[in-house]
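For reference, the structure discussed in these notes is given below.
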């Protein structure tokens, strides 16, 4: 017991002595140690930052070269492929300027004419529409089936033209340029406002469903498009309506996909999870390039 007590006391004394020595050493050299460690860490981080900047510069240069190649190759891939065709652009809610420019740029070398741009007003002005549409659709204000049936009728007439579309265009569209009639293809976009009430959103959805069904039932190829940076994707809405879809129309691959879909390619093309593949087959196997 005596030995154990003395050993225990000696151990405690040794611990306190070590602490005291540590405090003295820390007081004498602590600033130098911390300062040296800080300098080493700063130098290491600066080296990592310089290396990362170099990698970013290389990647940006590579991306610029690939973008330049794509822009040069694009007219060769699609030149004349839609020669003489009339294409319409139909947007629900709004048409962001960048998206409109993407579609125009995609069509420019193809020989197609962007014959009409129509932006469907959302939420729809149901009271005004019911009056302008006449007795056949007088109940669309309070009857979902009537509203959807009206949408199907104007969807078909967006492609082929018709009296109902003409007599309700002022109430239906917030923007309309050109004349919807005899279209060879339709590009559809969607940008719904987040401020709609549940009732307004439901009415907008019914009208959209009808118009998309009407467009899809026509003989003209129809393609739903959006940009890679779209905040809320509408690809599922387009696909459910039976349209081909392109979720990367702001990229060269998306422009190619759009043109080939307007030529009849089916599927969901792009870079998002909803896509089946990046783009359609550019050419059938063993087939020469032809307009």
| remark: Per the Kirkwood formula over distinct C-alpha pairs, the hydrodynamic radius of the range 83-269 in angstrom is 16.2
| Pulled fully out, how much extra length does the chain show between residue 278 and residue 131, if you take 0.36 nm times their separation in residues and subtract their Cα-Cα distance? | 48.4 nm
| request: Treat the count of other C-beta atoms within 10 Å as a stand-in for reagent exposure and order 191, 219 from fewest to most. | output: 219, 191
| Among 195, 245, 168, 228, which comes first, then next, by fewest other beta-carbon atoms within 10 Å? | 195, 228, 168, 245
| query | Say R0 is 51 Å: what FRET efficiency, to the nearest 0.05, do residue 52 and residue 240 get from their beta-carbon distance? | reply | 0.75
| task | Compute the FRET efficiency between residue 175 and residue 98 as 1/(1 + (r/R0)^6), taking r as their Cβ-Cβ distance and R0 = 25 Å, and round to the nearest 0.05. | result | 0.95
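If the chain between residue 73 and residue 266 were fully stretched, how many nm would it gain, using 0.36 nm times the residue separation less the Cα-Cα distance?
Extra length available between residue 73 and residue 266 comes to 67.2 nm.
None of the figures in this text is laboratory data; all of them are computed from the coordinates on show. Here the structure is a predicted model, which is why all the values come from computation and not from measurement. Here Cβ is always computed from backbone atoms with ideal geometry, including for glycine, and neighbour counts include all displayed protein chains.
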